[in-house]
Amino acid sequence: MANAGSGSLATILFLIMVQAALHKGAAQYPVVSQNLVTDNVSVVEGEMAIISCRVKNNDDSVIQLLNPNRQTIYFRDMRPLKDARFQLVNFSDNELRVSLSNVSLSDEGRYVCQLYTDPPQEAYADITVLIPPGNPIIEARDEVLSEGNETEMTCTAMSSKPAASIKWMKGDKELPGKPRVELTYDKMYTVTSRLTFTVSKEDDGVPVVCIVDHPAVKDFQAQKYLEVQYKPEVKIVVEFPQGLTREGENLELTCQAKGKPEPQRVNWVKVDDDVPSHAVITGSDLYIENLNKSYNGTYRCMASNSVGESFDDYILYVYDAPTTTPIPTTATTTTTTITTTLSYPEGNPDTTPSTEPAAHDSRAGEGTPRTVDHAVIGGVVAVVVFAMLCLLIVLGRYFARHKGTYFTHEAKGADDAADADTAIINAEGGHTNSDEKKEYYI
């Protein structure tokens with residue numbers, strides 16, 4: 001027992017002497033070596049760091065690892081330092097690899113890999129300890145907002161190392177915030193970002209997300225959903241008729257109103273006049289039967305809630321009731337018959353040209369001038385003129401076929417007679433042999 005104790009004590013003394021010699025040589029002749037290789041390490045607090053000292057060309061020199069205070073952690077494969085968190089991972093002629101578990105902020109610093117040669121060679125491994133921030137805290141100045149108002153939110157990431165960065169997202173759109181970084185203690189940082197923006201009714205129910213970016217964590221975020229109140233959105237829907245509104249028909253309108261909170265009241269009015277006395281208003285519906293032109297005007301649906309009031313207008317214009325198509329007319333002369341038929345486009349029984357719109361429009365009607373269609377009138381005039389020309393041509397051909405004739409009897413020898421009586425006496429054969437002359441006229 002005494003011999004064993006003496007041997008162990010001798011071994012410890014030998015190591016101490018060797019370490020002291022190495023420390024002395026290193027302090028006097030430190031050389032940064034290209035033959036000795038190590039790596040910097042970043043590790044999250046509480047996790048494990050690996051420190052590796054590698055020798056490219058070793059001549060059986062001793063490798064050791066020192067902490068930032070230059071205390072020997074490992075001398076070859078022996079650990080003089082009484083810190084059980086350091087454990088030997090690998091030892092060979094070309095590498096000394098050591099693990100450090102449960103890393104804390106006090107472990108941060110520069111570690112030294114030393115190769116005992118003449119002079120000693122050194123390489124340095126910097127351990128950086130990362131401390132993630134706590135859960136981000138998002139706060140809003142207003143819990144319930146009204147459209148058009150401005151609001152403010154803050155997001156805080158506390159006690160991190162290094163300082164975290166914060167960005168804001170509203171839905172899928174990034175918004176700019178104003179960060180403020182504060183150094184607290186032990187190189188710890190607290191970051192606060194302030195966001196100011198104006199809300200609209202489209203923002204109701206949209207999440208505002210605070211995203212924290214830090215080397216120690218990913219997708220670290222907090223979010224808050226917006227609650228935005230807005231005045232009603234009002235829309236008038238024509239239930240009947242689907243086309244033009246004509247005299248004698250019925251009209252049914254529905255007022256659709258949506259808001260937050262829901263509209264408290266929906267009301268029908270007629271602008272600059274009273275609603276017809278026999279009109280029926282049931283909730284959001286307006287019903288008018290047996291329309292006539294005295295009902296023309298603008299009908300307004302109004303809805304309101306605690307935020308405000310909105311309305312929508314429907315302009316009513318009552319058109320004439322449809323009429324029937326007239327019987328075609330016929331014109332006849334003594335020589336020929338000319339039939340002139342005025343026809344109208346299929347599906348339009350009105351005898352008067354119409355300028356009514358093709359489809360019903362709740363904004364069209366009132367004040368629309370009922371002008372005459374000049375194209376239709378021009379067509380009718382052209383047909384009448386054409387018929388008269390045809391009539392003249394037919395009459396001309398008729399008279400041409402019935403020729404008129406007459407006879408003139410001049411006594412022969414009348415040229416030699418002194419007067420008319422003598423010419424008659426000298427005439428041969430009276431009028432029986434006279435030449436017949438014909439004249440024609442049209």
*When you look at GLU227, is it at pLDDT 95 or above, out of contact with any Asp or Glu (no Cβ under 9 Å at 6 or more places or on another chain) and acidic (Asp, Glu), yes or no?*
no
*asked:* Every residue in region 47-98 that is out of contact with any strand residue (DSSP E or B) (no Cβ under 6 Å at 6 or more places or on another chain) and acidic (Asp, Glu), please.
replied: GLU47, ASP59, ASP60, ASP83, ASP93
*In region 159-185, what residues are closer than 28 Å to VAL44 by Cα, of a type in the set (D, E, K, R) and surrounded by 15 or more Cβ atoms within 10 Å (Cβ to Cβ)?*
LYS161, LYS167
*asked:* Given (1) within 36 Å of the chain's Cα centre (by Cα); (2) part of a loop (DSSP other than H, G, I, E, B); (3) of a type in the set (Lys, Arg), identify the lone condition not met by ARG194.
replied: (2)
*Within region 253-271, is there a residue that is closer than 26 Å to TYR230 by Cα and in contact with a helix residue (DSSP H, G or I) (Cβ under 8 Å, 6 or more places away or on another chain)?*
yes
_When the residues of region 229-266 are narrowed to those that are under 29 Å from the mean Cα position of the chain (by Cα) and open to solvent by 70 Å² or more (accessible area, probe 1.4 Å), which ends up farthest from ASN305 (Cα to Cα)?_
LYS235
*Of the residues in region 129-158, how many are more than 30 Å from the chain's Cα centre (by Cα), open to solvent by 40 Å² or more (accessible area, probe 1.4 Å) and touching a residue at least 40 places away in the same chain (Cβ under 8 Å)?*
3
*Quick one: what pairs do we get from region 296-314, first residue more than 16 Å from VAL238 (Cα to Cα) and of a type in the set (A, V, I, L, M, F, W, C), second open to solvent by less than 40 Å² (accessible area, probe 1.4 Å) and not in a strand (DSSP E or B), C-beta under 6 Å, 6+ apart or different chains?*
ALA303/PRO263
*Failed criterion for PHE220 (all others in (1) in a strand (DSSP E or B); (2) within 16 Å of ASP172 (Cα to Cα); (3) not basic (Lys, Arg) hold)*: (2)
*asked:* What pairs come out if I take residues in region 95-110 that are open to solvent by 30 Å² or more (accessible area, probe 1.4 Å) and pair them with residues that are among the aromatic types (Phe, Trp, Tyr) whose C-beta lies under 8 Å away, six or more apart or interchain?
replied: ARG97/PHE91; ARG110/TYR124
*GLN121: open to solvent by less than 10 Å² (accessible area, probe 1.4 Å), under 14 Å from LEU36 (Cβ atoms) and modelled with pLDDT under 95, yes or no?*
no
*asked:* Quick check on my filter: what residues within region 196-223 are open to solvent by less than 50 Å² (accessible area, probe 1.4 Å), touching a Pro at 6+ places or on another chain (Cβ under 8 Å) and not small (Gly, Ala, Ser)?
replied: CYS210, VAL212, HIS214, VAL217, PHE220
*Can you tell me which residue in region 46-59 is least open to solvent (accessible area, probe 1.4 Å), limited to those that are part of a loop (DSSP other than H, G, I, E, B), modelled with pLDDT under 95 and among the charged types (D, E, K, R)?*
ASP59
*Which members of region 315-334 meet the condition of being modelled with pLDDT under 90, assigned to a loop (DSSP other than H, G, I, E, B) and either among the β-branched types (Val, Ile, Thr) or within 15 Å of GLU233 (Cβ to Cβ) (or both)?*
THR323, THR324, THR325, ILE327, THR329, THR330, THR333, THR334
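The values are calculated or read from the model by the stated rules, or taken from the named source; none is laboratory data. Remember, it's a predicted structure, so these values are computed and weren't measured experimentally. Don't worry about glycine lacking a Cβ; one is built from the backbone with ideal geometry, like all the others, and counts go over all protein chains shown. Just so you know, the surface numbers come from the protein's heavy atoms only, side chains and all, with ligands and any DNA or RNA stripped out. Shrake-Rupley method; radii C 1.70, N 1.55, O 1.52, S 1.80 Å.
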